[in-house]
Amino acid sequence: MSALPRLVLRDDPGRSVPLDPRTPLSIGRDPACGLCLAEARGVSRHHAVVRMSRTRPGQWLLCDTGSANGTYLEGARLKDCRPLSDGDEIRLGLNGPVLQFRADGSPPPSAPPAATAAATRGRPAPAPVPTAVAGRLDFAGRSLPLDRIRSAYVRSRRRHPQAFSWWLLLCLGGLLLLPFPWLFWPLQVGALAGWIVLGSRWEHLLEVTLQDGLAYRHRFDSLATALAHRNGIRRAMAAAAPAGRRP
């Protein structure tokens, strides 16, 4: 039986709490919260909750519960409930404590599971996760000093955000061919198929930001690969940073 997912306090990995699919986990300063952070600065009495999705079994969600200083998932402030991925960082308030979501309930493995599984099945493994050598990290063709890296986040966005506008213009323009149904209908079907194909494509940007605000980005087609790289960078940062010095 696999271990339950856990929330781990980033700066105190020995402190963690398991997640029960049957019971939402409340986070805040109130002693009644499942994860009580009574002394944490910027944390509301009832700050956030982690629960299982009601419509997608196996998918954990993070929801802000009206906190004063906000809840941030991967650097972006929550406006509604958002799904969690293994290794995601949750910050309570702008300068509050950081929690890490561990989907398998244990520290991230040294090699990404996706790569191991792919190699076992005889398929090409994903691109290797970046590793640090002599306190430096090779990323996006540059050698970055680990002690200057402030954060590593993955941002997902549509590859063709204008796809709907293109489809709408083709549909409106195609009205000129309405007297010629043998031309009108193939154009409409083709435009709809193009919108569905292009609109469903996403890209995932791994953004590494330095202490001085300079950011470097690398694009991935696979979210799993982007997350594996992000987690590898965070492990290298944790190993290089002295205790209590993480931003």
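Within segment 62-90, restricting attention to residues that are more than 12 Å from the chain's Cα centre (by Cα) and aliphatic (A, V, I, L, M), which residue is farthest from Ser156 (Cα to Cα)?
By that ranking, first place goes to Ala68.
Given (1) within 19 Å of the chain's Cα centre (by Cα); (2) without any contact (Cβ under 8 Å) to a residue 24 or more places away in the chain, identify the lone condition not met by Leu19.
In the conditions (1) within 19 Å of the chain's Cα centre (by Cα); (2) without any contact (Cβ under 8 Å) to a residue 24 or more places away in the chain, Leu19 misses (2) alone.
Going through Arg29, Arg41, Arg45 one at a time, which residue ends up being in contact with an Asp or Glu (Cβ under 7 Å, 6 or more places away or on another chain) and under 16 Å from Gly96 (Cα atoms)? Walk me through it before giving the result.
On the way: Arg29 fails: in contact with an Asp or Glu (Cβ under 7 Å, 6 or more places away or on another chain); Arg41 fails: in contact with an Asp or Glu (Cβ under 7 Å, 6 or more places away or on another chain).
Answer to the selection: Arg45.
Taking Gly42 as meeting all but one of (1) open to solvent by 40 Å² or more (accessible area, probe 1.4 Å); (2) over 21 Å from the mean Cα position of the chain (by Cα), write down the number of the exception.
(1)
The values are calculated or read from the model by the stated rules, or taken from the named source; none is laboratory data. Keep in mind it's a predicted model, so treat the numbers as computed, not measured. Glycine also receives a Cβ, built like all others from the backbone with ideal geometry; neighbour counts cover every protein chain displayed. What goes into the accessible areas is simple: the full protein's heavy atoms, side chains included, and nothing from ligands, DNA or RNA. Shrake-Rupley method; radii C 1.70, N 1.55, O 1.52, S 1.80 Å.
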